[in-house]
Amino acid sequence: MTTHIYSGPLSMFGAKVEIAAREKGVPFELVMVPFTIDDAYEPKHPEVLRVNPVKQQVPVLTDDIDGGVALFDSTQISEYLEDRYPGPESLALWPAGIAERARARQLEQKSDEVFFPNVIRLFGLQHDMKSAPAVAACAACARFYEELEGLLASRECEYLAGPYSFADIAFYMAHVFADRKGAGMTGATPRLVAWRDRVGARPAVRAVVDPMMRFLASQGRGVPAFLQR
Ligand SMILES: N[C@@H](CCC(=O)N[C@@H](CS)C(=O)NCC(=O)O)C(=O)O
């Protein structure tokens, strides 16, 4: 079976999938789609257009098994990887317990759909970080960090949904982009900072984040202080 993952050099969602595949020990070929200095993914890769013709976004995964599997969306892909490569040989990234799994799914969804939209707003506000919308987006990120700090404290757990899961991968990547755009976590959330260091030390995470930071540095763009090594 050949697995292809289509991603981009600065794709937050693509990085989630690549980290998950590495954590699970899935053999895959990574295809980096064309990326321009204006942060656009152009021209669109033919496989991305075939699999995701309306949204035309990465990540995309294809497998030449069972008549062919072709998927888009980082969450859908992570669920497929879990089904295709169940434990114990492969690290489980969605918890087995029903409640833990539901919590992990909800956290991953909140990371993508509640937290990250603030970061996307900041992309267009970098020239005026003192403007009301930029201040509001940073405040929303800070509130989210505090919520997760409370969660780690109340459950006395090392990871967001109990065991290390795709929720940790998702929020780690989202917060890397938040930090890049001026809304990183601070000493106000020490448990979350320790969580960040724990997740960031994982070989699979480093294998994806380090090249991304080198790509940023090669373009003279800012690299979060906690990732400058
Ligand atoms: N919900 C999707 C979001 C994917 C997404 O926003 N991909 C971005 C890159 S991180 C993209 O391909 N943007 C290019 C475009 O929209 O043309 C997922 O989880 O995969």
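General observations
- Peptides 34-45, 147-158 ordered by average Cβ neighbours within 10 Å, highest first: 147-158, 34-45
- Positive-pole candidate from 162, 59, 95, dipole of the chain, charges at beta carbon: 162
- The alpha carbon gyration tensor of the range 63-150 gives principal lengths a ≥ b ≥ c with a/c of 1.5 or higher and a/b no greater than b/c, which makes the shape oblate.
- In percent, rounded to a whole number, the relative contact order of the range 98-227 is 26, using alpha-carbon pairs under 8 Å and six or more apart.
- The chain - charge dipole about Cα centre, Lys and Arg +1 at Cβ, Asp and Glu -1, debye rounded to 20: 660
- The length gained on full extension between residue 132 and residue 30, counted as 0.36 nm times the residue separation minus their Cα-Cα distance, comes to 32.7 nm.
- A simple spin-label model places the labels of residue 2 and residue 70 1.5 nm from each other, with each point 7 Å out along Cα-to-Cβ.
- In plain terms, the chain from residue 83 to residue 123 could stretch by 10.9 nm, reckoned as 0.36 nm per residue minus the Cα-Cα distance.
- Note on the range 98-227: Kirkwood radius taken over Cα pairs, Stokes-Einstein applied at 37 °C and 0.692 mPa s, translational D equal to 216 µm² s⁻¹.
- For the pair residue 218 and residue 47 in one chain, pulling the backbone fully straight at 0.36 nm per residue adds 58.8 nm over the alpha carbon distance.
- If you sort the three axes of the alpha carbon gyration tensor as a ≥ b ≥ c, you get a/c of 1.5 or more for the chain and a/b no higher than b/c, which makes it oblate.
- A Förster distance of 22 Å, applied to the separation of the beta-carbon atoms of residue 99 and residue 197, puts the FRET efficiency at 0.20.
- Relative protection proxy for 201-214, 171-184, from highest mean packing down: 171-184, 201-214 (other beta-carbon atoms within 10 angstrom).
- Relative contact order of the range 3-84, pairs being alpha-carbon contacts under 8 Å that are 6 or more residues apart, as %: 33
- Nearest-20 debye value, the range 98-227 charge dipole, Cβ charges on Lys, Arg, Asp, Glu: 240
- Here r is the Cβ-Cβ distance between residue 113 and residue 143 and R0 is 25 Å; the resulting FRET efficiency, rounded to 0.05, is 0.95.
- When only the Cβ of Lys, Arg, Asp and Glu is charged (+1, +1, -1, -1), the dipole of the range 3-84 relative to its Cα centre reaches about 80 debye.
- Its relative contact order, with pairs defined as Cα atoms under 8 Å and 6+ residues apart, puts the chain at 20 percent.
- Of 74, 11, 218, the sequence from fewest to most neighbouring Cβ atoms within 10 angstrom is 218, 11, 74.
- Under the shape rule built on the C-alpha gyration tensor, where the axes satisfy a ≥ b ≥ c, the range 1-118 is oblate, since a/c reaches at least 1.5 while a/b does not exceed b/c.
Throughout, read-outs are computed from the coordinates displayed, never taken from laboratory work. These figures come from a predicted structure and were not determined experimentally. For neighbour counting, all protein chains shown are included, and Cβ atoms are generated from backbone atoms with ideal geometry for every residue, glycine included.
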